[in-house]
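Computed from the coordinates by the stated procedures, all read-outs in this text should not be read as laboratory data. Only a predicted model underlies this, so the values are computations on that prediction, with no experimental measurement involved. Here the Cβ is made from the backbone with ideal geometry for all residues, glycine too, and neighbour counts use every protein chain on show.
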Amino acid sequence: MSADPVDVLRRWEAAGGTWEVVIRASDAMTVRLCTCTGGEEVDRLVSASPALAEYVGGRSRSDD
């Protein structure tokens, strides 16, 4: 069972990491999970969750 993508993103932010939307399509979203100290990509979150799309909203990056 996969983790809730909104929870994953919130935990990532709480730990100081940043994120950036790579692909935003009508049926799914791909988000880069990056380090807090240089923005190096660590992982990617790919999800079709409407809750993730709602949480991210119109932002392209965590610092938007």
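Which of the residues spanning the range 22-52 are surrounded by 17 or more Cβ atoms within 10 Å (Cβ to Cβ) and among the hydrophobic types (A, V, I, L, M, F, W, C)?
Of everything in the range 22-52, those that are surrounded by 17 or more Cβ atoms within 10 Å (Cβ to Cβ) and among the hydrophobic types (A, V, I, L, M, F, W, C) turn out to be Met29, Val31, Leu33, Cys34, Leu45, Leu52.
Residue check, Thr35 against (1) within 12 Å of the chain's Cα centre (by Cα); (2) in contact (Cβ under 8 Å) with a residue 12 or more places away in the chain, all met but one. Which one?
All conditions are met except number (1).
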